[in-house]
Each structure stands twice: as C-alpha cells, then as structure tokens.
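See structure below.
The values are calculated or read from the model by the stated rules, or taken from the named source; none is laboratory data. All values reported here derive from a predicted model rather than from experimental measurement. Note: ideal-geometry Cβ built from the backbone for every residue, glycine included; neighbour counts use all protein chains shown. Accessible surface areas use protein heavy atoms only, side chains included; no ligands, DNA or RNA. Shrake-Rupley method; radii C 1.70, N 1.55, O 1.52, S 1.80 Å.
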Amino acid sequence: MSEDKNVVPSQREQRYDRQLRLWGDHGQRDLEAAHVCVINATTLGTETIKNLVLPGIGKFTIVDPEFVTTEDLGTNFFFEERHIGQPRANAATELLLELNSSVEGNAKVDTMANVLAKDPDFFRQFSVVVACDTPLYALLPLATLLWAEQIPLLVARAYGMIGYLRLVTPEHTVIESHIAAFDDLRLTRPFPELLAHARSTILDDLSLDKHSHVPYPILVLRGIDAWRETHADLPRTRAEKKEFAGMLASWRRTKDDGSGVADEENFAEAMAKCNTIFRSAPNVPSEIQALLDDPKCSNPDKSAFWQLCNALKAFVSVHNDLPLSGAVPDMHADSRSYVALQQLYRSKAAADQAFIKDALASRLPNALVARFCKNAAGLVVVRTPSLETELTGHCGKLSDAAAMSVGDETRAFEFYIALRACDRFHEKHNRYPGTGAHAHEEDAGELSSMCADVLRNAGVDGVTIGDDCVKEMCRYGAAQLHSVAAFVGGMTSQEIVKLVTQQYVPANHTIIYNGVQGDSRTLNF
Amino acid sequence: MSTPEHNKKPKMGDRWAHIDKLLSRTGPLAVEGFDEAVGMIRPFLQDSVRILVIGAGGLGCELLKDLALMGFRNIDVIDMDTIDLSNLNRQFLFREADIGSPKAEVAAKFIEKRVPGCKVTPHFSRIESKDRAFYKQFTVVVCGLDSIVARRWVNSMMHSLLRYDEAGELDQSSMIPLVDGGTEGFQGNARVIFPGMTACVECMLSLYTPQVNFPMCTIANTPRLPEHCIEFARLVLWPKHRDDQIDGDNPEHITWLFEKARERAAEFGIGGVTYRLTQGVTKRIIPNVASTSAVIAAACANEVFKVVSSCTKYLDNNLIFNDVDGVYTYAYKYDRDPDCLTCSNKPVDVACSPEMSLTHLRETLCTSDKFQLRGPGLTTTVGGKNKTLYMARPAALEQATRPNLDKSLAELGLEHNQMVNVVDPTVAGALRLRLVMKQQP
Ligand SMILES: [Zn+2]
C-alpha cells in the first residue's frame, strides 16, 4: 500500500477508498492480516463472510459438514442450482471468492466436533472464530479451547424473526475507540509553553481586525489571569461562569465608527465554551484510571496494549495527566495565530509521546505509540463471561438483566431465554421446536416448560416468558429468513472488523435483534 | 450432531420452505387478519406484487439480493449511475470487468442469474425521467439513495399519487408504502412511510444533518484547515485558470487541485493536505462500508416483506442504527407534521409582505427550515390568467422572467391569500403555497 499520500492512489486504494477513510491504512493492514473461521455456511455464515471479503479480509475458512439442498437456494445467495448435493463449504467458498481476488478462502467439509477431536491445533490458527446457527451447548468444547488461547469467539444466529450475536472473549483491548474527538485543550491547567504564548499576547495593542481574530483559548487564558487577581479559585458555579463570560464580553471592542460593540466571533466562542472549560472533571477519566489500576497494567503481558498502558501509568504518575492528543479543533482565528497555537499543542503532544516511548519496556513502532497517545482518553478493555459460566453457572447478573428488561418492547430478555430453551429442546429431541411433520403449535407446551427450566437453572426467580414469545418461536421453526440473517451478518462482520483492527468498541456481550419491532438490545450479564 | 455420512444424499425440499414458516403459519405477533389470508400469501407475494428499488448502489445491491431471497419475483430497479472501482468494496453484484457499465443493468442481470425465476427489470435513467404512471405500478417502493434531494423527490412523487374524496378523506387504495434507507459510515436509518397516513420524509427533514459549507471569507482570508485550502483551489483557483468542469473522478483534475491546495497550505504553514483528502472534499465523499449497507438494506427488506405479507407487525416508523460503540439501535415513532408541505394535503402558508421582492421570497423558500428548497420556480393566477413569476428552466423562460426577480410582490400583482404553485428539484409536481401578507403599518 502506498503510504505516500501525495500520489494518485493505486487501484487497490481506489477500491477500498470509502472504508480507508474510516479505519485508515493501518486498519486495512490489520484486516488483511486476519484469518477468520466461519463454522457453518448458513445464510448467516455466508452473509457474514461476504461483508468481510468485500473490504478485503486476508483469509477465511469455512467449516461445514452439510450439503446444499433446494431449501438453501431459497435463502442463501452463495449457492446455485448446480451446487445441490455438493458440500456447502465448497460451493460457498467458490462463489464468495468471486467478490475479491485478493482474498484467500478455504473449505473444510467436516463437523466442528470432528475437527476438534482430530486436530485441536486447527482452531489455533484463526484471529476470530464465528459459529453460525449452532446450539450453544454444542459449542462448549470449542469455546473452552478458544478461551484458553485468547481467540475471540462470536456466536451468531438467525432464528425466524429473532437475531442473536454473542461475543465470548476473556479480553479485547481497543486503542482507537472513535467514541469521541479527544481535543481537550487543557485551558484550566495549561502547559508552560501555552501559558507563555498566551501571556505574550497583549490584547490592548492589537488592531480591531487582529483583536477579533485572537483564538479563543488565548482569550480564556488571559481571562483566567485576570480572574485570579480577584478570585482564589477558578469559576465553578453557574454564577461564577456567567461572571467570567461577562468579563470576557466586557473586553470586546467598540466598532470603529463607535456604533456599539463589535461583532467579535472569537469572543462569542470563548464565552460559549465557559461551561465546558470550567466543568470539574478529573484529569484522568475514571474509565482510564480503572485501566491503570488493573493488575495487568503493572505486570503487562506481551501485548502492545498493556505495555503501552504500563508506560502510560508512569506518565500519569509524573504528569498527573494523560498525554496531550495534539488535536486543535477549528476556531475563529487568523491563519497565523491558529497555526502558531496548533504548533504549540503538537510540540507538547510530541514531547508526551517521547516520554511514553522512553517509558516502554520494549520497543514498539512509533506510529502505534502516537496513535495510543492520541487516543489515550478513549482506551477500552472489553471482558465477557465465558460460555461455560453462562450455560452452567447461577448467573446473578442474569436476574439483574431480567429486572432491567421489564417493559422493554423488544422483549430481548424473553427471546434470549426462549432461544436457550430451543437449544434445550434440540438437545433432547435432536430437532428444533416447530420443525418436523406435526403441527408446530404442539411443541409450545414443552418449550414453555423448558423456558422455566432455563430460568430456574440460572437462578432467576419471579420471571416468566410470555406465551406469545414461546408460540412465535415454535412458528419460526428455526427458519432462516434472509432479511434477518443479512441483518445479523452485517452486525457480525462489523464486530469482526472491530476485533481484528482494535478499532471501535465491540458490543459487550449479547445482542438480541427483534425483527418484529425492527429493534435490538444489548444484554450484559 | 449430524455427520457428513448422513447428508451425502441431497435433501429435496421446497425452495421457499424458510419463508413459508412465516407465511403459512400464524402466530400471536401476526397482524390482525393474517390468519384468514394464510395460504394465499406466497402466491400473492410471488405473482402479483411488484417492488421498485430506487438506487443500485451499496443499499440497492443488498436490497435486490434481500428481496429476491424473501421470495419477491417482480422487481424493478432504477439508477442513473455507472460502475466505478470505488463501488466494489460493498456493491457486490459488480466486478472489475463491469466498471463503466450501468449499475441497474448489471445488478438486474446478476440477480436473475443467481435467483432463477426472479425477474428484475432495470431502468438506466434518472428518477425524474419517470412519470406518475410508472411509479403507480408498484406495490411497495424501496429507496436506497445517498441524496436527500432525490429522496425528497421520491417522497413527493409517492404523495402525488394519493387520491382524496370530497370530504378530504384519503382513498387508501391509492397509497403505495415507501420504505427508505440511508447510510453514512457506521450509521444508518430505515423508515416505513405510509403516504398520507404516517410521517413522511418532509415531516422528518430535521433529522438530516445539513451539509457543512465553509464560509467564503475563511477560505479566502483566514484558512486554518487543509480543507480550507482545498476549497480555495476548487472555488477560487479552478474557475480562474480552467474552463472545464471539475470531475472528481478525473485524476488529472484532482492532482491539479491537490497541488494548488498544497501550495496554498504551505504559504500559511498548514499541514495535512493529501490527495485522498482533496478528492474527499471535492467529491464530498461519504465514507461507506459493506456491513452498514447490509444491515440497513436487511432492515428495509424485512419491512417490505412484513408490509406485503402482514405476517408480523411493522417498524413504527423509524430506526436509527450505529455500531461505533457496541451496537446501538433505536426504533421509535416519528410524529406527522400537521402542516407538512408534502403530506398534509393542504396549501402551506408562507409569511411575506407586499414590499418583499420575488428574489427575497425565493431565498426564504430555500433557507427556511420548513421548505429547504433548492431552486424554486413560481407560477400563479392573476386576474383569471396564468402567470409565470419565475422559472429557472428552460433558458428562454428564465430570461423572460428574470426581470420579475427584483420586483416586489405587490408590483407583480400578488395579494394576501394568493395561491402560488412552486416547482423545485425536491418536488415531483408542484407545491401549493398561500401567501400570507403582513401589511406594513
Ligand atoms: Zn409529511
């Protein structure tokens, strides 16, 4: 890939242009280095892979023991009539690879259980494993292996109008969360160079034109100097902030012709920002402090993330602040004043980066250190419960999730339990409720009592699953609606992009999509 | 678990067994009246229903696939664009060999090949080139557009098909549901509109973020960002030095702008001008990924399936999606604007005064939040005769009506309660406005 941004982009860059603008060249490199395993080429499976092949994932491998049926043709876009009777893994791989010649695809025609028994190392080669439309209980051995290897597992399902997506990972770390712009300008605790620069600006000496183009941070810093002459502390209350803004307002010039106060936009900006600038917030946000207090921060493993956090901790202990991002948002100012201000912030950010780099126990690429520092206020660690805990334990938090879902129109909690009950039904009868020759309504009674079993085993009291949910699940009979599978496949592929690029924040941890309401909820328990 | 040995023999079942579970069985969440129709729904869906997909881009490709696999067999698709290399990261019905070919035609052909029995009719044309008779043919219209103007035009067209009786009651048989999707980066939305009955695109106009334009004085005098320098090259230097129109896909054009922007940035000590940014600003590129298109199109296709079959409740009426931080969705009901330009079926009042110039009135229609028109043309009736106040096209008419622009409304013979018809790129047909004149004291 061309890192030289000054030439006409290559064919490759043009192809990926619309996504490079989101996750950058480095995100693309991470994506291209990834190898994802998809268990089962169901509609959900192939839709997920499609959305990864298009943006150029490195490799995918499909594990699937089944053969293409006529029914598959009515829901899955990656089979043709000529494939009927052939292994699904082969047919899907063939048609998916047509989408992007840079991607490599493999097919393994076997069950996950067989592969696991014969060659457990097989699953260790992947960046992420996605299990599609498999009952949870059948996934336990694989989930245990992946958990130990710290390979994230996604469990995805399309079940009638209901979609399900669960992330299973002991830990996933995010450097670039993209949650917000981190452009804190530190006006209440300016670094010396910034303060000196502000104090060198003598507002009274400036022409009206210059005066109305002084960047607002300088006005605020000069304001704070003036404020301190009569106040011991910074403005904190609403009245004090108002008083501060009023002081700035009084500094505005009169128009050259003497007809009232000049319309100085920079002052308007400074006054408007008073509320946020003087908001009392800790220098280090509590979420980031929690990371610094994590045992892994003091004793980092070999991951770049924790080594960088370790260096960050050293930085914070010296500076009592996070490294500066170096970003300066646009503001009303003349070019020279703005660029001069930007230069100050950039130099300070570079110095902060150099500190982190020196504090690192082992060398890491400069670009990575720079990205880490720029996004230090938005670092995220995601840890989910294991599948084993979910399936076998009394999960106290499940009761909380139940209590919180009272009145939820998507009925996410009820459908989650109903889906677990469908698995139980499958384990007992080797078929899902609502499938087979008899009338689908006949399974409702047993499914309903299985919902109660799931709740009882999980230690959730005082909750019942609505009959309408149970009956709908029987009606669905594990049908794969293309629309629901495509919706979940879209979500799943984006969660995979997040996992392999360490950008954006994966959902923690169970998403239920209700295709009836057209809405979803994320359950965390 | 089943083993490969069990499955060596192909299972022959019905192709539509999956959707049939929803269509041939009823359940507690089905729409009332669904029970009686069970059994007739799939033949209706497959033989009688006609769907129009507007746009064959990121959303359009997904929509065509989704609808074909939800059992729809009569689909039309309209798109005026041809295929570009930068489409291939999400528009999966196209290959490198298709670059330069019409999107609608290539997409239709691909779907027909992959899903035998599904007939897809392509229209390689502008939406405005089709008349009411064309749009009237469909059971549901689905929009996958990236332009707000085009979306407003389609909304306006679908509302123009409505019939009302003398009492002002809507004839529901004239109503064609509109399902609309939109994406930008990791965000998207889907909405279900029953024209004349539920909130329409115009009612929800405030949901769209207005386009950011940098002030000209910043671009010309106090550039601070690389974007300001690029806009200077595009808006000031290009017209000064070049005669041709800027083509954002022409590397020579972008290179020219890039170099001029870089020179200007160097002059002011501004960093960050790159080729990619230059092209992004010039073409106003909206970042897009396959996953978001997939999610939003699927949500739309699911609604089309539900609206046509009544197999279960519909989205009521607006869905927001964002998967930057976890996966966030929010479905909620957006209320109708009782004074909506498009769906209220009554003339809309516009406040003005006899002294106001026609130019001022046109500017009001463009800048007010309620109208947000793009280039209004106005006609009215004075003394029982039709009078064209201003028309931007054709050129001869523009020239003939241009002198009216500086005249006051009074000079043009317009009075309080005067009805004025307005045409605009955002409107199919015409808007009816009522001038409410404030008399000067
Ligand atoms: Zn409306």
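Here are some notes:
- Coupling constants for segment B:214-226 follow from the phi torsions by the Karplus curve (6.51 cos²θ - 1.76 cosθ + 1.60, θ = phi - 60°), and in residue order they are 6, x, 4, 5, 5, 4, 7, 10, 10, x, 10, 10, x Hz; glycine and proline get x.
- Residues in the protein assembly as shown average 41 Å² of solvent-accessible surface per residue, probe 1.4 Å, ligands and nucleic acids excluded.
- Of the beta bridges in segment A:80-228, as assigned by DSSP with both residues counted there, near 65 percent are antiparallel.
- Relative contact order (%) - chain A, alpha-carbon pairs under 8 angstrom, separation at least six: 20 percent
- Shape category assigned to chain B from the gyration tensor of Cα positions, a/c cut at 1.5: oblate
- Segment A:387-476: relative contact order as a whole-number percent, Cα under 8 Å and 6+ apart: 36 percent
- Net charge of Cβ neighbours under 9 Å - reference B:I75; Lys, Arg +1; Asp, Glu -1: +2
- Beta-bridge orientation, the protein assembly as shown: approximately 55 percent antiparallel, per DSSP, counting only bridges with both partners inside.
- Peptide A:154-160 has a mean of 1 when you count, residue by residue, the C-beta atoms of other protein chains within 10 Å of its C-beta.
- Distance from the C-alpha centroid of segment B:399-441 to that of segment B:137-164: 26 Å, rounded to the whole angstrom.
- Test item: Cα-centred dipole of the protein assembly as shown, Lys/Arg +1 and Asp/Glu -1 on Cβ, debye: 860 debye
- Cα gyration tensor shape of segment B:348-437, rounded if a/c is under 1.5, else prolate or oblate by comparing a/b with b/c: rounded
- Whichever lysines have a C-alpha closer than 25 Å to that of B:K113, once near sequence neighbours (fewer than 8 apart) are set aside: A:K50, B:K11, B:K65, B:K103
- Backbone HN-Hα couplings from phi across segment A:75-85 [Karplus 6.51/-1.76/1.60, Hz, Gly and Pro as x]: 9, 10, 7, 9, 10, 10, 4, 5, 8, 4, x
- Degrees separating the helix A:265-277 axis from the principal Cα axis of chain A, which is the longest one: 60 degrees
- Highest mean first, the peptides B:224-231, A:136-143, B:58-65 sorted by other C-beta atoms within 10 Å per residue fall in the order B:58-65, B:224-231, A:136-143.
- In order through segment B:406-422: 3J(HN,Hα) via Karplus (6.51 cos²θ - 1.76 cosθ + 1.60), integer Hz, x for Gly, Pro: 8, 6, 7, 4, 5, 4, 7, x, 8, 10, 4, 6, 4, 8, 10, 9, 10
- Amide H contacts of B:L389 (H built 1.01 Å from N, under 5 Å, at least 5 apart or other chain): B:L378, B:T379, B:T380
- Between the residues A:G160, A:A354, A:G74, the greatest Cα displacement towards the positive end of the dipole of chain A, with unit charges on the Cβ of Lys, Arg, Asp and Glu, is found for A:A354.
- Cross-link reach list, lysines versus B:K438, counting only Cα pairs under 24 Å and skipping chain neighbours closer than eight places: B:K346, B:K370, B:K387, B:K407
- Think of the protein assembly as shown as a dipole: +1 on every Lys or Arg Cβ, -1 on every Asp or Glu Cβ, centred on the Cα centre; then among A:T188, A:Q11, B:V142, A:Q11 lies furthest on the positive end.
- DSSP finds beta bridges in chain A, and of those with both partners inside it, around 55 percent are antiparallel.
- Peptide-level mean, for B:319-325, of C-beta atoms on other protein chains within 10 Å: 6
- Cβ neighbours within 10 Å from other chains - mean over B:303-310: 2
- The A and B chains share an interface that buries close to 8200 Å² of accessible area, total over both sides, probe 1.4 Å.
- Around the amide H of A:A107, modelled in the peptide plane, lie the amide H atoms of A:I62, all under 5 Å away and 5 or more residues distant in sequence or on another chain.
- If you take all other residues with their beta carbon under 14 Å from the beta carbon of A:V284, and give Lys and Arg +1 and Asp and Glu -1, the sum is -3.
- Environment charge at B:V427 (Cβ cut-off 10 Å; Lys +1, Arg +1, Asp -1, Glu -1): 0
- Apportionment of accessible area to carbon and sulfur, segment A:192-277, percent (1.4 Å): 50 percent
- Selected from A:T492, A:V382, B:V427, residue furthest toward positive end of dipole (the protein assembly as shown; charges at beta carbon): B:V427
- Overall form of the protein assembly as shown per C-alpha gyration tensor (a/c, 1.5; a/b vs b/c): oblate
- Within a Gaussian network of chain B (alpha carbon springs, distance under 10 Å), most fluctuating of B:T218, B:T312, B:T379: B:T218
- Carbon plus sulfur fraction of accessible area for segment A:286-382, probe 1.4 Å, in percent: 53 percent
- Distant-in-sequence amide H partners of B:C143 (H built 1.01 Å from N, under 5 Å): B:I54, B:V179, B:D180, B:G181
- Here is how the number arises for chain A: DSSP H runs of 4 or more residues each give -39500 (n - 2.57), the sum is divided by the residue count, and the result at 222 nm is -14500 deg cm²/dmol.
- Percent carbon-and-sulfur accessible area, chain B, ignoring ligands, DNA and RNA, probe 1.4 Å: 50 percent
- Under 20 Å of direct C-alpha separation, and excluding same-chain neighbours fewer than eight residues apart, A:K471 reaches these lysines: A:K428, B:K21, B:K306, B:K313.
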